[in-house]
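Accompanying notes for the structure given below.
The values are calculated or read from the model by the stated rules, or taken from the named source; none is laboratory data. Computed from a predicted structure; not experimentally measured. Every residue, glycine as well, gets a Cβ built from its backbone with ideal geometry; the counts of neighbours run over all protein chains shown. For the accessible areas, the whole protein counts, side chains as well, though only heavy atoms, and no ligand, DNA or RNA atoms are used. Shrake-Rupley method; radii C 1.70, N 1.55, O 1.52, S 1.80 Å.
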Amino acid sequence: VQAKLHNAGYTIGKLQSIELSKLTHSAKETADRTVSGRVKHVSFIGDRSHAVLSGNKVRSILGLKSTLFDMTVMNTNKSSILKNKGESSYSTIKEVFVDGYGWGHGLGLSQWGAKIMAEKKYDYKKILHHYYTNVDITNVY
């Protein structure tokens with residue numbers, strides 16, 4: 001993670017901690033996650049500076065398929081450290097585990113949601129209006 005941040009132009013030094021609230025299954029928005037659990041932003045704290053990056057930027061830098069991810073950080077003693085703001089951290093991060101879920105950025109039409117709606121016999125107009133409000137569907141030919 002440290003090298004990928006550096007290669008993307010974020011020279012924070014040695015990675016000391018990561019601030020990201022834990023992904024839960026309850027529908028609750030937090031300061032750094034949307035109500036659906038997608039990451040709004042992650043704080044990376046180094047020994048020289050820190051960087052607060054959008055979930056989409058982290059997705060791009062780390063090559064993740066989605067902004068719906070969780071991070072677990074391990075220190076040199078293999079003890080879990082700083083996942084939630086306010087928890088104590090250790091001096092050196094040894095490993096970062098990223099668990100990702102789904103595809104995409106979480107905006108627009110969900111292919112799986114649309115598939116389920118179609119299986120329930122919703123027509124295409126109802127499906128499109130579910131995902132895109134205040135639009136008109138017209139023929140242009």
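Can you tell me the dipole magnitude for the chain around its Cα centre, using point charges on the Cβ only (Lys, Arg +1; Asp, Glu -1), in Debye to the nearest 20?
Numbers: 20 positive and 11 negative charges, 25 e Å.
The calculated dipole for the chain is roughly 120 debye.
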Practice task
Please give, to one decimal in nm, the separation of the simple spin-label points placed at residue 121 and residue 107, each 7 Å out from Cα toward the Cβ.
Solution key: 3.6
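Kindly provide the Kirkwood hydrodynamic radius of the chain in Å, to one decimal, from all pairs of distinct alpha carbon atoms.
Working: mean 1/r = 0.0584 Å⁻¹.
For the chain, inverting the mean 1/r across all distinct Cα pairs yields 17.1 Å.
Which value, in nm² and rounded to one decimal, describes the direction-averaged projected area of the C-alpha convex hull of segment 102-141? Working shown, then result.
Working: hull surface 14.6 nm².
Orientation-averaged projected area of the Cα hull: 3.7 nm².
How do the peptides 115-124, 4-13 rank, highest first, by the average count of neighbouring beta carbon atoms within 10 Å per residue?
Details: 115-124: 11.3, 4-13: 13.8.
Answer by packing, highest mean first, reads 4-13, 115-124.
Counting only DSSP beta bridges with both residues in the chain, what percent are antiparallel, rounded to the nearest 5? Working shown, then result.
Working: 19 of 20 bridges.
Around 95 percent of the beta bridges assigned by DSSP in the chain are antiparallel ones.
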Exercise for the section: Would you work out which of 12, 2, 51 lies farthest towards the positive end of the dipole of segment 1-57, given +1 charges on the beta-carbon of Lys and Arg and -1 on that of Asp and Glu, about the Cα centre? Expected result: 2
Exercise for the section: In whole angstrom, note down how far apart the Cα centers of segment 96-141 and segment 28-65 are. Expected result: 24
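If I compute solvent accessible area with a 1.4 Å probe over the protein chains, what percent of it on the chain is carbon and sulfur? Intermediate results must be reported in sequence, preceding the final value.
Values: 4830 of 9370 Å².
C and S fraction of accessible area: 52 percent.
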Problem - segment 1-72, relative contact order in percent, only Cα pairs under 8 angstrom and at least six apart counted - result: 30
Completion exercise
On the formula 1/(1 + (r/R0)^6), with r taken between the Cβ atoms of residue 40 and residue 140 and R0 of 41 Å, the FRET efficiency rounded to 0.05 is 0.70
Problem - Separation in nanometres of the label points that stand 7 Å from Cα toward Cβ, at residue 4 and residue 128 - result: 3.7
Problem - Peptides 45-54, 127-136, 64-73, 31-40 ordered by average Cβ neighbours within 10 Å, highest first - result: 64-73, 31-40, 45-54, 127-136
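Relative contact order for the chain: what percent, with Cα pairs under 8 Å and sequence separation of 6 or more?
Values: 236 pairs, mean separation 28.1, N = 141.
RCO, the chain: 20 percent.
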